[in-house]
Amino acid sequence: MSKKLLTGSFQLMKSLNRSVILTIIREKGPISRAEIAKVTRLTPPTVSNLVKELLQTGIVIEQSLGESSGGRKPTMLTLNSSMFHVIGLDVGSHHLKAALTNINGKIIRKEIIPIPAGVTKEALLTLMADSINHIKQEAGVIEEHIIGIGVAMHGIVDVDKGRSVFAPNLQLQDIPIKEYLEDHFQMLVKIENDARAMSLGEQWFGNGAGVDSLVCINVGRGVGAGMIINGKLFHGQNFISGEIGHMVIDINGPKCTCGNYGCLQTFTSGPAIAEKAISELKLGQQSLLAEGDLAKISSESIYEAAVAGDAFSRNILAQAGRYLGIGVTNLIHIVNPKRIIIGGGVSAAGSFLLDSLKETIKQRALTTPAKETEIVLSKFGEDASVMGAVALILAELFSTRSN
Ligand SMILES: [Zn+2]
């Protein structure tokens, strides 16, 4: 089949009323045509016609449900979630992660490939295209059944133009990701900052489902936040909303990559936590970590030592949690979200970090409800950004629930 059909099938599902019906089937299915007409206030013949078109694409299927109070059993409609797929990419500092999921967000296949040091824009784009081709082949899915490609990218992303404006950890600027991938694959491509994508992913199928004010914090090599405000992802005017890694916590603190001093991420990013541990161990602190090569210490090895009972490592993580707690308290005072989700590599430290983070919020937040802001870990851990990339496409296909 031709590639054009791809865009065609997406367009067919996407038109406004179809998208509304698709969303209702996703949220309330199995559901009858009559019920859809009632909920949407579209006329029954209109619903019938639109449903017929959706049935033809294969994204909706009919299902006869057992129970019926006499009379004819109503034919129920449900999403054919295993037939269609989405590809998500998470472009990090050292690795590119690709996931192929169904439209319920179930990962069918996942791959991680290293990004070579000193990668050029062109080489990075080629790497992205290669990983998409590879995961498609390995998963053995039909090309026409891939709805689109979502890309979560660290740094500053121009969502409208689909470009990475600045990817600090790769030292790259102005990468035309959307244009390149759309040319290459002839399908819908959306790109977004990784923390913002993550918040969308948590809202779609993670620990943020049904929460209208939500902040997700991605703590990895850097620290970034994505905010869902009144049910919608917030971008800000120039796409730097949520850059909380550069919120200054201590004006006399260490110098940050951005040039300022004492930014949040100079205390809580993975590399910052490792650096802190190394500098204290050099002063002669007792720790399991002191037995190995200091240069190889990472936030992961600190976590492993903490699990093994190493008091020094537990203290290092608790200290990072306290700083993160200060940043999060500032965020609570600005946004006042119902729930905050912590994800990214450093979130693997779990309660070693979370306990002191929560304690800090209890000590510092202004009011009792603010002190009790829900703090949870991402449902997807290290996959939070790639699941967010998948959600970018689903958010296009399904109209949002309430606006
Ligand atoms: Zn900074």
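Quick one: which of K52/K106; K110/K136; K255/K371; K97/K121; K110/K161 span more than 19 angstrom between C-alpha atoms? Let's see the in-between values first.
On the way: K52/K106 26 Å; K110/K136 10 Å; K255/K371 30 Å; K97/K121 17 Å; K110/K161 27 Å.
The pairs that break the limit, which is 19 Å between Cα atoms, are K52/K106; K255/K371; K110/K161.
Given a cut-off of under 8 Å on Cα pairs at least six residues apart, what relative contact order in percent is computed for the chain?
Details: 797 pairs, mean separation 66.2, N = 403.
With pairs under 8 Å counted, the relative contact order is 16 percent.
Mean residue ellipticity at 222 nm from the helices of the chain, using -39,500 (n - 2.57) per DSSP H segment of n ≥ 4 over the full residue count, to the nearest 500 deg cm²/dmol? Let's see the in-between values first.
Working: 14 runs with 169 residues, N = 403.
Roughly -13000 deg cm²/dmol at 222 nm, from the helical runs in the chain.
Once you order the gyration tensor axes a ≥ b ≥ c over the Cα atoms, which shape class does the range 210-329 get: rounded for a/c under 1.5, otherwise prolate or oblate by comparing a/b with b/c?
Values: a/c = 2.81, a/b = 1.87, b/c = 1.51.
In terms of gyration-tensor shape, prolate.
Length gain on complete extension for the stretch E27 to R41, per 0.36 nm per residue less the alpha carbon to alpha carbon distance? All intermediate terms of the calculation are to be shown ahead of the outcome.
Values: separation 14, 0.36 × 14 = 5.04 nm, distance 1.67 nm.
Here the answer is 3.4 nm.
Give the shape of the range 297-403 as rounded, prolate or oblate, defined through the alpha-carbon gyration tensor: a ≥ b ≥ c are the square roots of its eigenvalues, a/c under 1.5 means rounded, and otherwise the shape is prolate if a/b is larger than b/c and oblate if not.
Here the range 297-403 falls in the oblate category.
Using only the alpha-carbon atoms of the chain as identical scatterers, what base-10 log of I(q)/I(0) does the Debye formula give at q = 0.07, 0.11, 0.12, 0.14 Å⁻¹?
Computed log10 I(q)/I(0) values: -0.37, -0.84, -0.96, -1.20.
Just to confirm my numbers, what's the Cα centroid distance between the range 195-249 and the range 100-145 in Å?
So the two Cα centres are separated by 24 Å.
Assign one of three labels to the range 156-272, namely rounded, prolate or oblate, based on the Cα gyration tensor with a ≥ b ≥ c the square roots of its eigenvalues; rounded applies when a/c is under 1.5, prolate when it is not and a/b is larger than b/c, and oblate otherwise. Could you put the intermediate results ahead of the total?
Numbers: a/c = 2.27, a/b = 1.29, b/c = 1.76.
Oblate.
Helix 44-57 against the longest principal axis of the chain: what's the angle in degrees, Cα atoms only, rounded to the nearest 10?
Roughly 70 degrees, rounded to the nearest 10.
Quick note: the coordinates plus some simple rules give every number you see, no bench work behind them. This one's a predicted model, so the numbers in the text were calculated from it and none came from an experiment.
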